[in-house]
Amino acid sequence: MAGSDVIPRDGSGPDGEPDGRWSGPWPDGWSVDHVAETTSTNDDLLHAARRDEVPDRGVLAADHQTAGRGRLDRRWDAPAGRNLLVSILFREVPEVASVLTQTVGLALVHGLESLAGRPLGPRLGLKWPNDVVIGDRKLAGVLAQRCTTTGAVVVGTGVNVGWAPPGAASVLDDLDLDVAPAEVLHHLLVAHDALVADAVGRGAAVIARMTTIGRRVRVLLPAERELVGTARGVDDVGRLVVETDDGRSHVLDVGDVVHLRPLERRPG
Ligand code: BT5
């Protein structure tokens with residue numbers, strides 16, 4: 001995906017650029033709410049989903065989360081006001097729910113390219129299942145949760161805009177972009193609209209940006225099991241296909257991936 005001229009700028013400010021404020025304007029169809037502090041934007045939207053308070057594509061952003069969560073109840077860290085902490089409620093859920101998660105991740109990649117005004121691949125890409133990475137360092141994580149009563153899905157993302165913990169990447173330091181979290185959200189939503197409008201190209205675009213494919217990986221599985229092999233692809237329902245050294249293929253639903261160095265060939 002090329003730079004800002006490719007992505008339509010619907011809903012941008014009077015001078016054609018979003019102005020970085022939470023008041024918007026936002027692209028059509030998104031209802032964006034912003035709070036200074038909450039426990040977790042995912043938790044808030046999961047509660048709201050049950051009470052019909054928030055519409056489809058309702059968005060909640062916070063400057064600070066006191067209990068920001070990753071997968072498996074891990075923590076998500078960010079100092080107040082520096083990063084994008086946001087969740088989106090999808091009441092209309094496709095048959096394959098992982099499409100929602102992947103689309104948000106890819107929309108972030110495309111949104112950042114739109115902000116930069118140039119392509120940022122192959123360094124900026126997706127890492128299976130739900131990370132956005134620069135090289136092998138995490139720039140953003142995506143957490144999808146289903147509301148058991150309504151079937152709605154909340155997709156939350158934490159993006160390191162101005163701050164990153166040690167070993168992780170940020171938009172400021174690694175892409176050299178000094179932008180406000182609200183601006184990143186604006187570009188993410190515009191890019192999301194473009195991806196939804198091109199449902200056929202979307203799947204291929206996810207695969208094209210999935211840096212895990214072709215890599216030698218260690219996948220940490222539930223119950224402390226692990227698998228080492230080469231990631232061969234992602235199937236139609238978002239599962240990772242890993243070929244182990246004995247030539248067998250394994251199709252994985254869940255897991256944490258570590259990208260390894262390529263196997264060194266022994267001389268002779
Ligand atoms: C994720 O989980 O990557 C999903 C993170 C989703 C956070 C958003 S923020 C808005 C919404 N509301 C929430 O409460 N959550 C969502 P996982 O793959 O499990 O990664 C979590 C791990 O990443 C932690 O155990 C840390 O090691 C690491 N980590 C924590 N904060 C980080 C950060 N800012 N940048 C990079 N890595 C981080």
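None of the figures in this text is laboratory data; all of them are computed from the coordinates on show. The structure displayed is predicted, hence computed values, not measured ones. Cβ coordinates were reconstructed from backbone atoms using ideal geometry, including for glycine residues, and neighbour counts include every protein chain displayed.
So the values come out like this:
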quantity: The chain - charge dipole about Cα centre, Lys and Arg +1 at Cβ, Asp and Glu -1, debye rounded to 20; calculated: 1080 debye
quantity: Calculated from backbone phi, Karplus (6.51, -1.76, 1.60) coupling profile of the stretch 208-219 in Hz, x at Gly/Pro; calculated: 4, 9, 7, 5, 5, 5, x, 8, 7, 10, 10, 10
quantity: Using alpha-carbon coordinates, inclination of helix 98-116 to the longest axis of the chain, degrees; calculated: 70 degrees
quantity: Nearest-ten-degree value, helix 41-50 long axis tilted from longest Cα axis of the chain; calculated: 70 degrees
quantity: Residue among Gly68, Gly229, Asn42 farthest towards the positive dipole end of the chain, charges placed on Cβ; calculated: Gly229
quantity: The chain - mean residue ellipticity at 222 nm from DSSP helices (-39,500 (n - 2.57) per run, n ≥ 4, rounded to 500); calculated: -7000 deg cm²/dmol
quantity: Protection proxy ranking of 218-228, 201-211, 67-77, 152-162 - average other beta-carbon atoms within 10 Å, highest first; calculated: 152-162, 201-211, 67-77, 218-228
quantity: J(HN,Hα) series, the stretch 123-134, from Karplus relation 6.51 cos²θ - 1.76 cosθ + 1.60, nearest Hz, glycine and proline x; calculated: 4, 8, x, 9, 10, 5, x, 9, 10, 10, 10, 10
quantity: Estimated vicinal HN-Hα couplings, Hz - the stretch 170-181 in sequence order (Karplus 6.51, -1.76, 1.60; Gly, Pro = x); calculated: 10, 4, 5, 7, 9, 10, 6, 10, 9, 10, 8, x
quantity: Shape of the stretch 31-209, Cα gyration tensor, a/c cut at 1.5; calculated: oblate
quantity: Amide H within-cut-off set for Gly156, under 5 Å, with H built and near neighbours excluded; calculated: Ile88, Leu143, Ala144, Gln145
quantity: Alpha-carbon radius of gyration plus Dmax, which is the widest Cα pair, for the stretch 216-260 in Å; calculated: 9.6, 27
quantity: For Gly81, residues with placed amide H under 5 Å, excluding near neighbours; calculated: His64
quantity: Size of charge dipole - the stretch 216-260 - debye, nearest 20, with Cβ of Lys, Arg +1 and Asp, Glu -1, no other charges; calculated: 100 debye
quantity: DSSP-defined beta bridges in the chain - what % are antiparallel, rounded to 5; calculated: 85 percent
